[in-house]
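Written below as structure tokens is the structure these notes are about.
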Amino acid sequence: MSTKYVDSVSSVESTAHSENYINAKKGLMSWIVTLDHKRIGVMYLGSILFAFMLGGLMALLVRLELIAPGRTIMGPKTYNQVFTLHGAIMVFLFIIPSIPAALGNFMLPILLGAKDVAFPRLNLASYYIYVVGAIFCVASLLMGAADTGWTFYTPYSTTTGTSVVSMTLGAFILGFSSIFTGLNFIATIHKLRAPGMTWGKMPLFCWGMYATSVIQVIATPVLGITLLLLIMEKVLGVGIFDAKLGGDPVLYQHFFWFYSHPAVYIMILPGMAIISEIIPVFSHKTIFGYRAIALSSVAIAIIGFLVWGHHMFTSGQSELAGMIFSFLTFLVAIPSGIKVFNWVATMYKGSISLNTPMLYALAFLFLFTIGGLTGLFLGTLSVDVHLHDTYFVVAHFHYVMMGGTVIAFFGGLHYWWPKITGRMYSESLAKIACALTFIGFNVTFLTQFVLGSRGMPRRYYNYVDQFQPLHAFSTVGSWILGLGFLLMAFYLLASLKTGKKASDNPWGGVTFEWQTPSPPPEHNFNYVPVATHGPYEYKS
Amino acid sequence: MNMFLLAPFMPLQGSEYAKSVDLLYEFIFWLGVVFFIGIVGSMAYFVFKYKRVGEPRNIPQFSHNFALEVTWSVIPLIIVIVIFFWGFDSYMSNRIAPNDSLEIKVYAKKWQWEFEYPDGTRTLGEFHVPKDKPVKLIMSSDDVIHSFFLPTMRQKMDVLPGRYTTLWFQPTVEGKHQVFCTEYCGDGHSEMMAELTVDSQDKYKEWIENGGLDKDTPLDQLGARLYKSRNCNTCHSIDGTRIQGPTFKGIWGRTERITGGTTVVVDENYVRESVMDPNAKVVEGYERGVMPTYKGLLKDREVNAIIEYMKTLK
Amino acid sequence: MSTAIHGTSHGHSQDHHGHHDHPEYLQHHFSDAEQQVEASKLGMWLFLVTEVLLFGGLFVAFAAMRSLHYESFHEGHEHLSKTLGIINTVVLILSSFTMALGVHASQTNQKKKLINYLVVTLLCALTFLVIKYFEYSEKFHHGLLPGRYFTAHHENPHVSIFFGLYFLMTGLHGIHIIAGMSAIGWVLWRAIKGHFNSEYYTPVENVGLYWHLVDLVWIYLFPLLYLLP
Ligand code: HEA
Ligand code: HEA
Ligand code: CUA
Ligand SMILES: [Cu+2]
């Protein structure tokens, strides 16, 4: 092999005094107007973690209210506002930008061997657009927060007195941020790959980002126009979605899900992309089925556009539509399965080290498989009629979003933390936090599958007594989960001050980012990187 | 042998259809368990077996296996196609209601369910149906979208404004069944419940004869119910305010001036006449033709009940 | 190992201003002008895709409502002035044409021509907006307004939906015209300062592409709103 293998201890000193993207320029202004994708990534990271904390606090309130039937800590109106904010913040402010805009922004150009994204100014603009959108969303809190659910179904949303306009306007603005990030990434991947890096040598993280970006660019404008129509409906009373005025409320649902189903793949594909990086590194083995994993991302992105109607099996759409949507839903499950099998096969005969990022990857496999397989219940017409809008759906999507994407995101955060900050976190605390999260998560949401099957509807502030034990159990789980994240916040913040300096390549990875100092210099590499081999070619 | 090992996961099976849905649920469940154990089991085994000790050495670097990859793509494909057809088939089997169904209209509004029977009986928040007879619900909403969910029948359908949707079931288990609203509709969403009672054929008959009440309900209580469920309250207040019609407060024994110059004392006959033929005597100051006739819609017992109710409104 | 790290004479971290051989317009993260041109073209095309989808959503909404309320939509479209619509269509096509000529002028180093063509394009756009203004004020005058502000006499119940969509679609298009005019203005300013030559004209080209799209959207809007029986 043509270069030296950088092992975990040898290069600690080499980075100690060198200039990097953090200390290259100083002062607040140098961050505010930076065009460096790494700094923008870090600013995104801070913002989305804040959003996650906010959304998580809302979740804890939701769970606390549900610990017993009837009023526990808040009335129905407040409850409805809290779960709406929880859903909207988690989706629009946290999970959609999470991996692409924060970790992706930081890592994608480095993994490609580029100096920056294709359009650095656009990149900074999309960050500020994100901030403005986020302000609108959170400001709606002060003006009587929206109480519509994150789906904003008409005609409820157009008739309720709460600040739906501010919330949807926020989501509308956030959409542009998402579009610009996607557009930027596509151009970067197409045009800025290092010499020698063919499509077939591109790390799978980049493939995942590519598929995600395609969806962002194609689906998000439709969300934009949907929300615009909704706002117009509310402000001018146009009547497109309101049966009283001659409109069709189900049309809104088609519009909304045409974006929001592909959006769930905007959420999961980046998570899968991270897992595809972590598993080979910590198994010290070539990824199994590179091509299958890369192409299945693209397949998911494409088929994912044709299944939106599976959210509307009980909406009164025609049987034919139901049949087609159900069938395509099943088809889109296959590429996900292919990925899962390939990851497991990668571990076969490897050399598996159980560092924190790998623990997250294993947790992902466990949880995403449950989340995905329960998606099959929901794709099945007659079974979904029973399960639709019950806690079964709530459990399904938390398993894929929280157990899938969020777990993968934290896996990625731990994986790249040394690269981003130049510091190591406490491995033992990290393992404890990971275990707490894993246990807490299952306690919280496994119960909800049973609740849902037994008929507990979602978005219920109050419930019939028979559901109480399971709800209480779930609430306790949410506290364990919260504890896990609190611990994580603690040791990550502590590592910034007291963590030991990270080497250039603490995990023995062979992709580009591990060949440049931690943290990377302002232009990512001190030399011009050239790809001569595939991204997962470990020495035997 | 009990076919339904997952019975504790599901509510009571209130119909044959519920059983067929559960069977499919059960099939997908065990299939999922097999896949889950396969995946997580091999993962755990690999972690245990190939745990790293020291520097990695002699790791075989293979990157694909065509036969294996085709296998694990095609087998799930076949399985999902089976699930798809099964689910589609059971869905379609329960879409078209039989012609002899009992048709009940369902009106949803924030935040209550109202039921109307073919004979005009209306009930609020609860309804009865006979066992073993197919029941078809024809539903619409006054305001936002609601959704009618009968967990024990494994049935659910959205209820939309400006449009009718239908749902049917054939109950096989007597007793009470819960109805939920499962489309978010605002503050009262979680209280928007109703109760279905499946009666034996005889008991159902008795119930419907009694205007949708048990036969031993006191008359004035029945009257109070009818006052609301037959919408008298939209035009007649009980607190003295004037709406579209005269208030019922203190109506019993009142002397009314009738358009045309006569007067009349409100008694049994006058009330009966007002309800069955409202235009016969129109109260002065009110418009003729506003009040609809309830001829054929209110049974004798029900008119008596309203009269008893009026007597209580001092 | 996947990568080889080559030492080269470009020590970027020590000397990132040292692109002596690079033209002024080349941004630091591109390795050559060709790469930069290709990237910005690709970016522009992707942006156009999002625009098409944005309007696509409106077209779908229009189609859905039209099929529900055919009579009302027919009545609504009778209120629109075909003549003004046709004039505006011609004006826009003309502007697209002059824009294309402008791009060609920039590719062939004809600075003066470029400036003239851009000015003509701007004037056409302005004409379009002025005509649109008269159309709008006429509608306002007659109460042909969206949704609950609709006060005009009408025979069919849902004419207000037609005008809701009319204002939404033409309004959004109008905003695009204004955005396009600002972009053309910016290119014009740079052209006057002599930024463009046959080596470097990507901004002109991209603004041109955008302008053609705005034009194209109108080419769909016009028959849909004004002509379709
Ligand atoms: C990250 C987000 C994410 C992901 C990845 C998915 C993935 C899937 N989802 Fe999910 N879903 C949501 C987020 C997500 N979903 C959300 C947010 C909602 C609710 C929104 C709301 O109403 O508020 C929802 C709701 C939802 C519904 C509507 C339910 C209802 O409201 O009634 C349906 C129905 O078909 C569905 C199906 C699926 C399927 C089939 C997949 C598949 O893609 C899963 C594929 C994965 C696997 C199948 C597991 C791995 C594969 C194997 C182990 C191989 C073996 C497999 C086979 C035998 C096939 N989802
Ligand atoms: C990414 C998406 C996401 C995530 C991560 C979560 C996370 C959680 N969700 Fe949420 N949820 C949704 C998306 C998400 N949810 C959506 C879309 C809905 C539907 C809304 C609707 O119906 O409209 C919903 C609805 C929903 C409901 C149903 C409400 C109802 O129908 O009435 C419930 C109830 O239990 C719930 C609970 C939880 C819990 C306990 C968590 C927990 O996992 C949260 C754990 C997090 C914390 C406890 C935060 C702690 C953080 C810190 C302490 C700081 C950390 C800082 C650093 C690491 C630096 N969620
Ligand atoms: Cu009615 Cu929810
Ligand atoms: Cu979906």
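The values are calculated or read from the model by the stated rules, or taken from the named source; none is laboratory data. These numbers were taken from a predicted model, which means no experiment stands behind them. Here Cβ is always computed from backbone atoms with ideal geometry, including for glycine, and neighbour counts include all displayed protein chains. All accessible areas refer to the heavy atoms of the entire protein, side chains included, with ligands and DNA or RNA removed. Shrake-Rupley method; radii C 1.70, N 1.55, O 1.52, S 1.80 Å.
For the protein assembly as shown, with every protein chain kept in place, what is the accessible area per residue (1.4 Å probe, Å²)?
Result: 38 Å² of accessible area for each residue.
What are the residues of the stretch A:85-124 that lose 10 Å² or more of accessible area, with a 1.4 Å probe, going from their chain alone to all protein chains?
A:LYS115, A:ASP116, A:ALA118, A:PHE119, A:PRO120, A:ARG121
Within the accessible area of the protein assembly as shown, what % is carbon and sulfur when the probe is 1.4 Å and the other protein chains stay in place?
Whole-percent figure for carbon plus sulfur exposure: 65.
For B:16-26, what's the mean count of beta carbons from other chains sitting within 10 Å of each residue's beta carbon?
The mean count of partner-chain Cβ atoms within 10 Å per residue comes to 2.
Out of B:VAL159, B:VAL275, B:VAL33, any idea which swings most in a Gaussian network model of chain B, alpha carbons joined below 10 Å?
Residue with maximal mean-square fluctuation among B:VAL159, B:VAL275, B:VAL33: B:VAL33.
How would B:ILE37, C:ILE87, A:ILE293 line up by accessible area, probe 1.4 Å, largest first?
From most accessible down to least: B:ILE37, C:ILE87, A:ILE293.
Mind grabbing the interface size between B and A? I mean buried accessible area, both sides, 1.4 Å probe, in Å² to the nearest hundred.
Interface between B and A: roughly 7400 Å².
According to the square roots a ≥ b ≥ c of the eigenvalues of the Cα gyration tensor, what is the shape class of the stretch A:34-87, taking rounded for a/c under 1.5, prolate for a/b larger than b/c otherwise, and oblate for the remainder?
prolate
Counting only C-alpha contacts under 8 Å and six or more residues apart, can you give the relative contact order of chain C as a whole percent?
Once divided by the residue count of chain C, the mean separation gives 27 percent.
Between B:THR217 and A:SER318, what FRET efficiency follows from the Cβ-Cβ distance if R0 is 45 Å, with the result rounded to 0.05?
It comes out at approximately 0.55.
Suppose the chain between C:ASN197 and C:ARG148 were pulled fully straight at 0.36 nm per residue; how much longer would it get relative to their current alpha carbon spacing?
Extra length available between C:ASN197 and C:ARG148 comes to 12.3 nm.
Over chain A, what is the relative contact order in percent, taking alpha-carbon pairs closer than 8 angstrom and at least six residues apart?
In percent, rounded to a whole number, it is 20.
Can you sort A:LYS501, B:LYS156, C:LYS112, B:LYS19 by 1.4 Å-probe accessible area, starting with the largest?
Greatest to least solvent exposure: C:LYS112, A:LYS501, B:LYS19, B:LYS156.
Which FRET efficiency, nearest 0.05, do C:ASN116 and C:TYR25 yield, Cβ-Cβ r, R0 22 Å?
It comes to 0.40.
Once you have a ≥ b ≥ c as the square roots of the Cα gyration tensor eigenvalues for chain B, tell me rounded if a/c is under 1.5, and otherwise prolate or oblate according to whether a/b is larger than b/c.
prolate
I'd like the orientation of helix B:16-49 relative to chain B: the angle between its Cα long axis and the longest Cα principal axis, in ° from 0 to 90, rounded to 10.
30
With every protein chain left in place and a probe of 1.4 Å, what is the accessible surface of A:TRP507, to the nearest 10 Å²?
Probe radius 1.4 Å; accessible area of A:TRP507 about 20 Å².
Please label the shape of the protein assembly as shown as rounded, prolate or oblate, based on the square roots a ≥ b ≥ c of the eigenvalues of the alpha-carbon gyration tensor (a/c under 1.5 means rounded; beyond that, a/b larger than b/c means prolate, else oblate).
oblate
With n ≥ 4 as the cut-off for DSSP H runs, can you work out [θ] at 222 nm for chain B, using -39500 (n - 2.57) per run divided by the number of residues, rounded to the nearest 500?
Using -39500 (n - 2.57) per qualifying helix, the result is -11000 deg cm²/dmol.
Here are some pairs, C:LYS41/C:LYS82; C:LYS82/C:LYS111; A:LYS191/A:LYS539; A:LYS497/A:LYS539; A:LYS201/C:LYS41; which of them have Cα atoms lying more than 28 Å apart in this structure?
Result: C:LYS41/C:LYS82; C:LYS82/C:LYS111; A:LYS191/A:LYS539; A:LYS497/A:LYS539 exceed 28 Å.
Within chain A, which DSSP H helices have Cα atoms that stretch 30 Å or more along the helix axis and a mean Kyte-Doolittle hydropathy of at least 1.6?
A:204-236, A:356-379
Reachable aspartates and glutamates from A:LYS419, Cα under 20 Å, same-chain residues fewer than 8 places away excluded?
Filter leaves A:ASP7, A:GLU13, A:GLU19, A:ASP36, A:ASP116, A:GLU277, A:GLU427, A:ASP504, A:GLU513, A:GLU522.
With a sphere of radius 9 Å drawn around the Cβ of B:PRO60, what net charge do the other residues whose Cβ falls strictly inside it have (Lys, Arg +1; Asp, Glu -1)?
Around B:PRO60, the charge tally is +2.
Less than 9 Å Cβ to Cβ from A:ILE240, Lys/Arg counted +1 and Asp/Glu -1: what total charge do the surrounding residues give?
Residues near A:ILE240 contribute -3 overall.
Would you mind checking B:LYS156/B:LYS203; B:LYS203/B:LYS281; A:LYS25/A:LYS431; C:LYS112/C:LYS139; B:LYS105/B:LYS299 for any pair whose Cα atoms are more than 29 angstrom apart?
B:LYS203/B:LYS281; A:LYS25/A:LYS431; C:LYS112/C:LYS139
Just want to confirm a number: the relative contact order over the stretch B:102-210, from Cα pairs under 8 angstrom separated by 6+ residues, in percent.
29
Determine which aspartates and glutamates satisfy two conditions relative to A:LYS77: a Cα distance under 17 Å, and not lying fewer than 8 residues away in the same chain.
A:GLU65, A:ASP147, B:GLU183, B:ASP187, B:GLU191
Among B:290-301, A:393-404, how do they line up by average Cβ neighbours within 10 Å per residue, starting with the highest?
A:393-404, B:290-301
First select every other residue whose beta carbon is under 15 angstrom from the beta carbon of C:TRP186; then total the charges, Lys and Arg +1, Asp and Glu -1.
For residues surrounding C:TRP186, the net value is +2.
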